[in-house]
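Step one of this worksheet: look at the structure below.
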Amino acid sequence: MAENYDVIIIGSGPGGYVAAVRASQLGLKTAIVEREHLGGICLNWGCIPTKALLRSAEILDHANHAKDYGLVLEGKMTADVKAVVARSRGVSARLNGGVGFLMKKNKVDVIWGEAKITKPGEIVVGKSSKPVVEPQNPVPKNIKGEGTYTAKHIIVATGARPRALPGIEPDGKLIWTYFEAMKPAALPKSLIVMGSGAIGIEFASFYRSMGVDVTVVEVMATIMPVEDVEVTAIARKQLEKRGMKIITSAKITKVEKAADSITAHVETADGKVQQIVADRMISAVGVQGNIENLGLEAVGVKTDRGCVVIDGYGKTNVAGIYAIGDVAGPPMLAHKAEHEGVVCVEKIAGLPNVHATDKSKVPGCTYCNPQVASVGLTEAKAKELGRDIRVGRFSFAANGKAIALGEDQGLCKVIFDKKTGELLGAHMVGAEVTELIQGFVVAMNLETTEEELMHTIFPHPTVSETMKEAVLDAYGRVLNA
Ligand SMILES: Cc1cc2nc3c(=O)[nH]c(=O)nc-3n(C[C@H](O)[C@H](O)[C@H](O)COP(=O)(O)OP(=O)(O)OC[C@H]3O[C@@H](n4cnc5c(N)ncnc54)[C@H](O)[C@@H]3O)c2cc1C
């Protein structure tokens, strides 16, 4: 007889494994099915290993500017890319093991293999279609294997994979996805990055720091197109100052491959085509949900543009089937996946006062140099929605800590509703902004107004003071500019 659970989760990324921990805390008998690696893309090929790579890049950047800080470095610091990659993979492996530990600690059964929903309440786990990469992502011990399992509630948390443009499909050799970009055997001399969203620009920033000649090609008018234009203009200037070439309003229409290089045909908005030759190209044109081969069509689960359609609690149109994380649509971010997982299982457990996930308050962080972070509406979006707004800005050039850090190129920008004082959005570029943005996220979640922010004491000297000054600026009360 099939083993029965309260909840079975398909996929152990940040959405799935966090949902499993919470479900178990709530007393639900829980199993998680994984076909490739505990921790999903985030821990193994996404958020975490990129941040490890970018940390090496940051240290190298600092070292190469040691003179600016009165420090003497004999010669130039260079990167041993094999060691940089090994460190990054090691960080992933440690966290991958950590997820295994969490499953055991919380008495969540791990089932290894490829899951398919056969009917509401039932899955079949077959042989995994993915190779297991030992020793980095080992199959955990004490797991369950192939077979039929039943559960009252099935949560699909299968994540996403790289999207490909027709004719410019990644081949793993000359045209990379994030998988190959994450572990280069050697550094290319030159690199084209197609797409300047968070993934593209983080890799562009990393490779540039490593000394690679990097060209970014973006189809939209600005890099990081979802971000506020003022913020991305500052980021662009800084990236270009670091030697990155950036071409916007341009698309790669064709790629010709040679033995060890590619030629990209880049068409700009004026119709002109230029050819750019590079050793390698990274295709970073977005991701698409893993909705295939899960039996979703057969049981009638609604999908839209490659993602499962859910309500604010992860419910699909079919009773007993839920979806969370990347497979349930944008923003495709790990913290959104985790939050959706918790909301979903708390609702399943019947907890009172469970709030639906509010996607308008999901922060976004890009860890390039300089960093970019934001939450809520951009100025353009607020105007497009017809909101009457007040905008405040504060430059890092007037912030004591940023100057002391030697990182005075940055901006904090806030957007308020003119009538109510509601904080609608916050946008930052510069040192440590990915750590700072959470202040505004909490403020927005508590429906804070300008009054309360102005009455809040920010520590001195910190870059966070730019946040308060930006708020003051929106109301004509800026102090240090
Ligand atoms: C290079 C890169 C950098 C990123 N950086 C950040 C960042 O800094 N911050 C951030 O918030 N987000 C970042 N992301 C996005 C983040 O990784 C995803 O949003 C997050 O991993 C989504 O979590 P998830 O649980 O929905 O799915 P995933 O992490 O994709 O996990 C899904 C899991 O399901 C498994 N699976 C799929 N189908 C089946 C099946 N049929 N049976 C069994 N198992 C299955 C997969 O093997 C996988 O382990 C980055 C992504 C990339 C690629």
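The values are calculated or read from the model by the stated rules, or taken from the named source; none is laboratory data. If you're wondering where the values come from, they're calculated on a predicted model, not measured in any experiment. With ideal geometry, Cβ positions are generated from the backbone for all residues, glycine too; neighbour counts draw on all protein chains shown.
Please identify the pairs in which a residue from region 387-409 that is closer than 22 Å to residue 476 by Cα has its Cβ atom under 9 Å from the Cβ atom of a residue that is among the charged types (D, E, K, R) and part of a strand (DSSP E or B), counting only partners at least 6 apart or on another chain.
387/417; 388/417; 389/417; 390/417; 391/413; 392/413; 393/413; 394/413
Within region 118-139, how many residues turn out to be more than 13 Å from the ligand (Cβ to nearest atom) and either within 23 Å of residue 286 (Cα to Cα) or part of a loop (DSSP other than H, G, I, E, B) (or both)?
Going through region 118-139, the residues more than 13 Å from the ligand (Cβ to nearest atom) turn out to be 119-122, 134-136, 138.
When the remaining residues are screened for being either within 23 Å of residue 286 (Cα to Cα) or part of a loop (DSSP other than H, G, I, E, B) (or both), the result is 120-121, 134-136, 138.
Number of matching residues: 6.
Counting only residues that are in contact with an Asp or Glu (Cβ under 9 Å, 6 or more places away or on another chain) and loosely packed, with under 15 Cβ neighbours inside 10 Å, how many does region 459-474 have?
Final tally of qualifying residues: 1.
Return the residues of region 171-222 that are part of a loop (DSSP other than H, G, I, E, B) and among the acidic types (Asp, Glu); say none if nothing qualifies. Outline the logic, then answer.
Step one: of region 171-222, the residues part of a loop (DSSP other than H, G, I, E, B) are 171-174, 177, 183-189, 195-197, 210-212, 218-222.
Scanning region 171-222 gives 171, 218.
Residue-by-condition table, conditions (1) free of Cβ contacts under 8 Å to residues at least 40 places away in the same chain; (2) within 23 Å of residue 205 (Cα to Cα); (3) outside any helix (DSSP H, G or I):
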{"position": "53", "(1), (2), (3)": "no, yes, no"}
{"position": "59", "(1), (2), (3)": "yes, yes, no"}
{"position": "63", "(1), (2), (3)": "yes, yes, no"}
{"position": "78", "(1), (2), (3)": "no, yes, yes"}
{"position": "89", "(1), (2), (3)": "no, yes, no"}
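Would you point out which residue out of 270, 260, 228 is of a type in the set (Asp, Glu) and crowded, with 16+ Cβ neighbours inside 10 Å?
Values: 270 fails: crowded, with 16+ Cβ neighbours inside 10 Å; 260 fails: crowded, with 16+ Cβ neighbours inside 10 Å.
Residue meeting the stated conditions: 228.
Inside region 370-390, can you point out the residues that are surrounded by fewer than 18 Cβ atoms within 10 Å (Cβ to Cβ) and within 23 Å of the chain's Cα centre (by Cα)?
Passing the criteria: 380, 381.
Considering region 105-139 alone, what residues qualify as being surrounded by fewer than 19 Cβ atoms within 10 Å (Cβ to Cβ), within 27 Å of the chain's Cα centre (by Cα) and at pLDDT below 95?
Matches in region 105-139: 128, 129, 130, 131, 132, 133, 134, 135, 136, 138, 139.
Could you tell me whether residue 270 is among the charged types (D, E, K, R), under 30 Å from residue 8 (Cα atoms) and either out of contact with any strand residue (DSSP E or B) (no Cβ under 6 Å at 6 or more places or on another chain) or within 16 Å of the ligand (Cβ to nearest atom) (or both)? Walk me through it before giving the result.
On the way: among the charged types (D, E, K, R): yes; under 30 Å from residue 8 (Cα atoms): no; either out of contact with any strand residue (DSSP E or B) (no Cβ under 6 Å at 6 or more places or on another chain) or within 16 Å of the ligand (Cβ to nearest atom) (or both): yes.
Against the criterion (among the charged types (D, E, K, R), under 30 Å from residue 8 (Cα atoms) and either out of contact with any strand residue (DSSP E or B) (no Cβ under 6 Å at 6 or more places or on another chain) or within 16 Å of the ligand (Cβ to nearest atom) (or both)), residue 270 does not qualify.
Just to verify a result, which residue in region 140-162, among those that are among the polar types (S, T, N, Q) and either modelled with pLDDT under 95 or loosely packed, with under 14 Cβ neighbours inside 10 Å (or both), is farthest from the ligand (Cβ to nearest atom)?
Applying the first criterion (among the polar types (S, T, N, Q)) to region 140-162 yields 142, 148, 150, 158.
Next cut, either modelled with pLDDT under 95 or loosely packed, with under 14 Cβ neighbours inside 10 Å (or both) only: 142, 148.
Working: 142: 18, 148: 14 Å.
Ranking the qualifying residues of region 140-162, first place goes to 142.
Residue pairs, Cβ under 6 Å, 6 or more apart or interchain, first in region 355-369 and crowded, with 19+ Cβ neighbours inside 10 Å, second assigned to a loop (DSSP other than H, G, I, E, B) and of a type in the set (Phe, Trp, Tyr). List them.
Within 6 Å, no pair qualifies.
In region 394-429, what residues are under 26 Å from residue 359 (Cβ atoms) and in a loop (DSSP other than H, G, I, E, B)?
Just the residues of region 394-429 that are under 26 Å from residue 359 (Cβ atoms), to begin with: 411-429.
Correct list: 418, 419, 420, 421.
For region 291-313, does any single residue satisfy the condition of being within 20 Å of the chain's Cα centre (by Cα), polar (S, T, N, Q) and within 14 Å of the ligand (Cβ to nearest atom)?
Pass one, region 291-313, residues within 20 Å of the chain's Cα centre (by Cα): 291, 305-308.
Filter again for polar (S, T, N, Q), leaving none.
Taking every residue of region 291-313 in turn, none turns out to be within 20 Å of the chain's Cα centre (by Cα), polar (S, T, N, Q) and within 14 Å of the ligand (Cβ to nearest atom).
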